[in-house]
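We did not get these values from a lab; they are worked out from the coordinates using the rules stated. Quantities reported herein were computed from a predicted structural model and do not represent experimental measurements. Note that each Cβ is placed from the backbone with ideal geometry, even for glycine, and that neighbours are counted across all protein chains shown.
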Amino acid sequence: MKKIVAIFVCAFVGSALRYLLTPIGDPNHLLTIMAINVIGCFFLPLVTGALPLILPVAPHVVTGLSVGLVGSFTTYSTFSVDTVHLLQQHAYGPAVLYVSGTLLLGWLAASLSLRIAKHLVKEDRGL
């Protein structure tokens, strides 16, 4: 039950943050969604990898932060629908840039985050 409550509370925060960052009619919508997803790619490894090893955090809190906060903040479905809309508009160049940019930047963010997480854990353990 603790995990469900943690997910619920953290999901409220994550979805509210995303809502505040993505106003309807925003001309920079694609860049905003890309940034949100890249930020999520950065924070997920820290939350699931380093945090529980460095701080005495209960498992339900880690689940709440990862599944709830990061999961509700990021948005694969919007990324997918935006890509379909670009393709339907025959905006192939922007579609390729959007998909490849999101994937590449997400991979780089997650890779950087994993390196930071490993460094933090080593430092915390005195290695």
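Brief remarks follow.
- Hydrophobic long helices, here whole DSSP H runs in the chain with Kyte-Doolittle means of at least -0.5 and Cα atoms spread over 20 Å or more along the helix axis, are found at 2-21, 29-45, 92-124.
- Dipole magnitude (debye, nearest 20) for segment 2-124, charges at Cβ of Lys, Arg, Asp, Glu: 300 debye
- Computed P(r) (all Cα pairs; segment 56-127; 5 Å bins; percent): 3, 13, 13, 18, 17, 13, 9, 7, 5, 3, 1
- Each residue, His90 and Ser15, gets one label point 7 Å from its Cα in the Cβ direction; the gap between the two is 3.8 nm.
- Each of Phe42, Phe8 was scored by other Cβ atoms within 10 Å of its Cβ. Arranged with the fewest first, they read Phe8, Phe42.
- Calculated SAXS-style log₁₀ I(q)/I(0) at q = 0.24 Å⁻¹ - segment 9-53, Debye, Cα scatterers: -0.90
- Relative compactness, segment 1-103, computed as alpha-carbon Rg over 2.2 N^0.38 Å: 1.23
- Of Ala16, Ala117, Asn28, farthest towards positive along the dipole that unit charges on Lys, Arg, Asp, Glu beta carbons give segment 1-124: Ala117
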